[in-house]
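Every number here is computed from the coordinates shown, using simple stated rules; none is lab data. Computed from a predicted model, the values in this text were never measured in an experiment. Every residue, glycine as well, gets a Cβ built from its backbone with ideal geometry; the counts of neighbours run over all protein chains shown.
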Amino acid sequence: MTVSKTAEKAPEKSGEATKSRKDAAEGPGPGQGQGSAEALQLGELSEQLGYVLKRAQLKVFENFLRCMASLQLTPAQFSVLLLVEKNPGRNQTEVASTLGILRPNFVALLDNLESRDLCARIRSTNDRRSHILVLTDKGKAVLTRAKKLVATKHESRLNELLGQANREALLEMLSKIANEF
């Protein structure tokens with residue numbers, strides 16, 4: 001979903017905001033599409049919060065992956081490394097649960113990080129059935145580089161697009177949905 005420069009301006013009235021969002025989401029009108037194919041009309045879909053959130057998430061993830069291409073880190077891998085760094089000695093179940101990653105998916109993710117020598121699973125001394133997660137020296141170095149890339153390329157682009165006040169408001173709204181919905 002791309003928005004034309006004219007549609008980026010904030011409309012004066014809420015009805016105009018809805019119309020602009022629908023127009024932008026629906027794309028060019030009949031006969032205005034690229035080539036011979038016309039853009040699909042989204043209709044009410046452009047007003048569905050879940051749909052718009054998912055489209056925004058996809059764009060954010062695409063940009064994240066471009067920024068992290070040199071380190072070959074996905075958003076989930078970066079999140080795991082951050083949590084392990086901030087919560088030393090926590091077990092893999094706690095990390096997976098906090099991030100909302102299903103156990104089979106998390107095991108595969110950890111296998112990948114371990115095979116790249118970015119983190120290690122160590123059997124817990126308190127519970128032999130459990131493994132705690134630690135960053136390796138290489139993992140610490142990669143995470144340091146990743147944080148710099150995220151700050152200077154990824155987050156800075158979002159900040160430029162939204163502005164500080166809108167960024168903070170969006171974070172607050174999304175946190176409310178994540179925590180209370």
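After finding the eigenvalues of the alpha carbon gyration tensor for segment 43-85, what semi-axes result from the square roots of 5 times each, listed largest first in whole Å?
Values: eigenvalues 154, 32, 4 Å².
Whole-Å semi-axes of the equivalent ellipsoid: 28, 13, 5.
What FRET efficiency, computed as 1/(1 + (r/R0)^6) with R0 = 41 Å and r the Cβ-Cβ distance, is obtained for residue 152 and residue 126, rounded to the nearest 0.05?
For R0 = 41 Å, the calculated efficiency reads 0.55.
For the pair residue 145 and residue 54, what calculated FRET efficiency results from E = 1/(1 + (r/R0)^6), where r is the Cβ-Cβ distance and R0 = 25 Å, to the nearest 0.05? Could the numbers behind the result be given before it?
Working: r = 29 Å, r/R0 = 1.17.
FRET efficiency, residue 54 to residue 145: 0.30.
Please report the relative contact order for segment 65-127, taking Cα pairs under 8 Å with a sequence separation of at least 6, and give it as a percent rounded to a whole number.
On the way: 23 pairs, mean separation 14.0, N = 63.
It comes to 22 percent, rounded to a whole number.
Any idea what log10 I(q)/I(0) is at q = 0.18, 0.20, 0.22 Å⁻¹ for segment 61-181, Debye with uniform C-alpha scatterers and no solvent?
Calculated log10 I(q)/I(0) at the listed q: -1.03, -1.17, -1.28.
Got a sec to turn the phi values of segment 141-148 into Karplus ³J(HN,Hα) couplings, 6.51 cos²θ - 1.76 cosθ + 1.60 with θ = phi - 60°, whole Hz, x for Gly and Pro?
Calculated HN-Hα couplings, in order: 5, 5, 5, 4, 5, 5, 4, 5 Hz.
Under a 5 Å amide H to amide H cut-off, with H placed in plane at 1.01 Å, what residues pair with residue 119 once short-range neighbours are removed?
114, 136
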